[in-house]
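Engineer: Below you'll find the structure I mean.
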Amino acid sequence: MRLPLPSALGEPLQAAFRLLLPLRCLVCGEPGHDTLDLCVACLADLPWAGRACLRCALPLPDEALPICGTCRDEPPPQTATHASLLYLPPIDQLLVRYKFHQDLAAGRLLAQLMLRNPPPWSCPPLVPVPLHPKRLRQRGYDQAAELCRLLRTPRWRGLYRRRHTAPQSERSAEQRRDNLFDAFDVRGAVPARLTIVDDVMTTGSTVLEVAETLRLVGAEDVRAWVCARVP
């Protein structure tokens, strides 16, 4: 596994180190390709997101309408959602390593891949889904905030998690919504347009709760950009 570069280094120094260190595929260990820590074969096998619902990014067949039936019946608070990739191998393993095993090199690669498949609309300021301070102390870094930093797009820092919630994994969609109810709040004036950023979108409960929070305090156009969508 290729070691991540120290985050304390400035971007120019990090770029210089990357020139000196050989690229190495984070999936299979072969030489990297095209400025990425992915080999030719693993890059070719990536599960890029294709045609999907414009509101929730759920994958859709080619003949389907551009908005899924669920979003037509109950439109979500976000006006658009874009997923760069699908939560399938090897992206699922890379996200687990990044999120739970402090593999910051995997996070940098995931951000690079997001930039290769960005939203089809120009991104307003990014707002990462925040961790609660207790979870942040346990993990050591906020994975969504780090993705935002690596995406190098203006960021709004007014959203925070007011309540420490239980992990979302192994919960049903309804349980996820209940778990996140009233979990977020904002500080300061809210921009009219914002783009929520998160690592994985499963049922959409987190994006929905954040978007509702932002809309209630004055945001007019809230969109979402996630690294990977569970199909």
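The values are calculated or read from the model by the stated rules, or taken from the named source; none is laboratory data. It should be emphasised that the depicted structure is a prediction, and the values quoted were computed from it without experimental measurement. A quick note on method: Cβ atoms are made from the backbone with ideal geometry, for glycine too, and the neighbour counts reach across all protein chains shown. Just the protein is used for accessible areas: all its heavy atoms, side chains included, with ligands, DNA and RNA removed. Shrake-Rupley method; radii C 1.70, N 1.55, O 1.52, S 1.80 Å.
Engineer: Looking at segment 203-231, which of its residues are free of Cβ contacts under 8 Å to residues at least 40 places away in the same chain, outside any helix (DSSP H, G or I) and open to solvent by 30 Å² or more (accessible area, probe 1.4 Å)?
Structural biologist: T203, V217, G218, E220
To keep it simple, each residue is scored yes or no on (1) basic (K, R); (2) exposed (fewer than 15 other Cβ atoms within 10 Å of the Cβ).
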| residue | (1), (2) |
| --- | --- |
| E74 | no, yes |
| L94 | no, no |
| K99 | yes, no |
| L115 | no, yes |
| L126 | no, no |
| V129 | no, no |
| A145 | no, no |
| R149 | yes, no |
| R161 | yes, no |
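Engineer: While we're on this one: Please pick out the residue among R193, R177 that is modelled with pLDDT under 95, more than 15 Å from the chain's Cα centre (by Cα), of a type in the set (D, E, K, R) and open to solvent by 10 Å² or more (accessible area, probe 1.4 Å).
Structural biologist: R177
Engineer: Which residue pairs have Cβ atoms under 7 Å apart, sit 6 or more places apart or on different chains, and have a first residue in segment 97-115 that is within 14 Å of L26 (Cα to Cα) and a second that is buried (at least 22 other Cβ atoms within 10 Å of the Cβ) and hydroxyl-bearing (S, T, Y)?
Structural biologist: A106/Y98; G107/Y98; L110/Y98; L113/S84
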